[in-house]
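What follows is a single structure, written as C-alpha cells, with notes after it.
The values are calculated or read from the model by the stated rules, or taken from the named source; none is laboratory data. Treat the numbers as computed from the prediction; the structure is a model and nothing was measured. Here the Cβ positions follow ideal geometry from the backbone for every residue, glycine too, while neighbour counts run over all protein chains shown. All accessible areas refer to the heavy atoms of the entire protein, side chains included, with ligands and DNA or RNA removed. Shrake-Rupley method; radii C 1.70, N 1.55, O 1.52, S 1.80 Å.
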Amino acid sequence: MALSTSYACGSREQPLITQTLGDFFDAMAARQGEREALVACHQQRRLSWNQLAREVDVLASAMLRSGLARGDRVGIWAHNCVEWVLMQLATAKVGIVLVNINPAYRVAEVEYALNKVGCKALVLMPEFRTSDYLGMMRELAPELAHCAPGELHAARLPQLRLLVQLGPTEEPGMLRFESWMERGVAGDPQVAHTAATLGPDDPINIQFTSGTTGFPKGATLTHGNILNNGYFIGEAMKLSEQDRLCIPVPLYHCFGMVLGNLACITHGATIVYPNSAFDPLLTLQAVQAERCTGLHGVPTMFIAMLDHPRFREFDMSTLRTGIMAGSPCPVEVMKRVVSDMHLSQITIAYGMTETSPVSCQSSTDTPLDRRVSTVGQVQPHLEVKIVDPADGRTVEPGVAGELCTRGYSVMHGYWGDEQRTREAIDAEGWMHTGDLATMDAEGYVNIVGRIKDMVIRGGENIYPREIEEFLYRHPMVQDVQVVGVPDAKYGEELCAWIIPRPGTSPTEQDIRGFCQGQIAHYKIPRYIRFVQGFPLTITGKVQKFKIRDEMKEQLGLQEQRTA
C-alpha cells in the first residue's frame, strides 16, 4: 500500500531478543562448538566458538578479580584484534560498560573521554604508525613510573586505576594483557553470579560521537540496543553459520562492533579481521585466502580496493553479501562493487551511533535500482518519519526533511549529559538525526545530505549529494565531494573536490562541459579543485567542514552575515 505521508513502521513478525549479550553469546557458542568463530589474519590466530567462549569467560573472571564490578567503565584504545572482541564480550558478560576510545585521539581528547565517563581501567595498544599510545598515557599519568599495576592515582585521571597494554614487553605501572588473563579462571562462579543479575536494558557500551561544535558526547547503549540491532542487520544480509564476514572497518565504531561482530555472533557466522586497520591489499588477500562470503566497508574503502593495481589478481567469487555504509554510497561505485566484486547481495545500511546504529537497511533481494539509489526501508521494530525541520510536521512522500527514528535502538542517552540527550531525543521518544532525507511511497529512504551541509545559493536549496552522484558518471572522476563556500553575491557557491581516475588528467573545462545542459546552471560548481585525497575520519568518513575551511582560506572568503 502506498504511503500517504513520510512515515513507516518496521515489521514486528520476529520478536526482539530479551537476553543479555553474554547469555546470547554463551548459547550460540554452545551450539557452534568447534566451528571457526574468529580469524585474525594479522595476528595469525584462529579461535573456535568453544575457544572464544573460554577466553571470554577467563577475561570476565580476570576483570572481577582485579576489583572491577558491574557498572564500572573500562576503556579500550586499540585497533582491530582478538583482544578487542574478547573485551566486547567479557565486559558485557559481567555488566561492565565498555568505552570505545577512538585510536585517532590525542592527549587532550583521551583525557576528556576517560574523565567524562570515569573509566576505572584502560586497555591500550602500545603504538600504531605515528601514534605512541604508551607515551601519551605517560604524559597524562607520570605517576605510572612509580605505581604498582592496578594502583594508579593520577592527578589528571583521578578515577583511573588499572592500565593493561597489548604489547609484548613489561611497562612500568601497567599489566600485560596476557598477565591480566592469568588472573582469571574458567568457570568462575563469580562470573555466573554477576551475569545472573543483569538485564537487557542495562548499559554496556559508550561510544563517543562528535558533533560540529563542543566536546564529544558519550552515546550510551544497552544489551538490547546493540544485540537486537546486530541480529536484524544479519537478517537483512541473510547471514548463517556458513558465512565468513571480512571486517576491515574499525571495531571502535558501531560499524565494526555491531554491523560486524554482532551480526556474526547472532548468526553463528565467522568473523575475519584482515588487519589491525584498513589496508586494501590485505583486505583483498583475506577475502581470497579465507574464502569470505561477506565484506563490509565505507565507499572510500571499496573504491580503494576496486582501484588497487593488483585487484584483478584476486579471486572474489566467494563473496555474495556485505554492507556499504558510513557515507552516502555513490551509485556508480555500487554498480562496480556488484559487477566486479561479485557482491550481488550487498546491502546498504543507514544509521547513527545514537541508534545502535542502523535504522534503515536494504535487503539482499531489494531490487538493484533501489539498492543503489536508497538506504532501504525501516528495520523491524523501528519507526522512521521525515519531518519539516521548521515546524516538525511529517512531510509528504518525496519531500525532503529531517529523518527521525524511534524504537528499541534509540540510545539510553548521552552519558552525564541530560540536556544534550533532551535536545536529541524529543518528548515522544523520536531521535532527531540531523540528516536530510526523502521517503518514497513504498517506504524507501534516500539520504540527501546533512541539514548543515545543504547549500543555499541565491535562495535555491542545493543538496551536494545530487551533484556528487552526477559527477561520478564522468569517466575521469574517481571520487568527488561537493561543499558550499561563502559568496558575497549569492550567499553560497558550490565547490567540487575531485580525485581523478589513475592515468587521467581532467581539466575544469572537462567537468563544466560535462555539466552543461545536463544539470541546472546554479548546480554547476563555481570552484573545481583536483586533489589526491580528502580529509577523512579514522572510519573513512569525509570531513566536509575541513574542505570548506581550506577553500575559504585558499580563496580568502568570509562567511556572509545574515540579517
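For segment 198-248, a residue qualifies if it is farther than 29 Å from E13 by Cβ, open to solvent by less than 10 Å² (accessible area, probe 1.4 Å) and under 14 Å from the mean Cα position of the chain (by Cα), and the qualifying residues are I206, Q207, P248. Count of segment 38-48 residues, restricted to those that are touching a residue at least 40 places away in the same chain (Cβ under 8 Å) and under 18 Å from G22 (Cα atoms), is 1. Taking the numbered list (1) open to solvent by 70 Å² or more (accessible area, probe 1.4 Å); (2) in contact (Cβ under 8 Å) with a residue 24 or more places away in the chain; (3) touching a helix residue (DSSP H, G or I) at 6+ places or on another chain (Cβ under 8 Å); (4) farther than 26 Å from Y408 by Cβ in turn, A62 passes all entries but (1).
Among strands (runs of 3 or more DSSP E) entirely within segment 1-67, having at least 3 residues that are under 28 Å from V358 (Cβ atoms) singles out 7-9, 36-40. Among the residues of segment 319-338, those that are at pLDDT below 95 and either open to solvent by 20 Å² or more (accessible area, probe 1.4 Å) or polar (S, T, N, Q) (or both) comprise G326, S327, P328, V331, E332, K335, R336, V338. Annotation for segment 307-318: no member residue is closer than 16 Å to V249 by Cα, modelled with pLDDT of 95 or more and surrounded by fewer than 21 Cβ atoms within 10 Å (Cβ to Cβ).
Number of residues in segment 359-379 that are open to solvent by 30 Å² or more (accessible area, probe 1.4 Å) and either hydroxyl-bearing (S, T, Y) or assigned to a loop (DSSP other than H, G, I, E, B) (or both): the value is 4. Filtering segment 541-560 down to residues that are within 22 Å of A104 (Cα to Cα) and outside any helix (DSSP H, G or I), which residue is most open to solvent (accessible area, probe 1.4 Å)? Applying the filter and picking the extreme gives K541. The residue that is nearest to T353 (Cα to Cα), among those in segment 497-555 that are touching a residue at least 60 places away in the same chain (Cβ under 8 Å) and touching a helix residue (DSSP H, G or I) at 6+ places or on another chain (Cβ under 6 Å), is G540. Report yes if some residue within segment 479-487 is of a type in the set (S, T, N, Q), in contact with a Phe, Trp or Tyr (Cβ under 8 Å, 6 or more places away or on another chain) and either closer than 26 Å to M301 by Cα or assigned to a helix (DSSP H, G or I) (or both); otherwise report no. Checked segment 479-487: at least one residue is of a type in the set (S, T, N, Q), in contact with a Phe, Trp or Tyr (Cβ under 8 Å, 6 or more places away or on another chain) and either closer than 26 Å to M301 by Cα or assigned to a helix (DSSP H, G or I) (or both).
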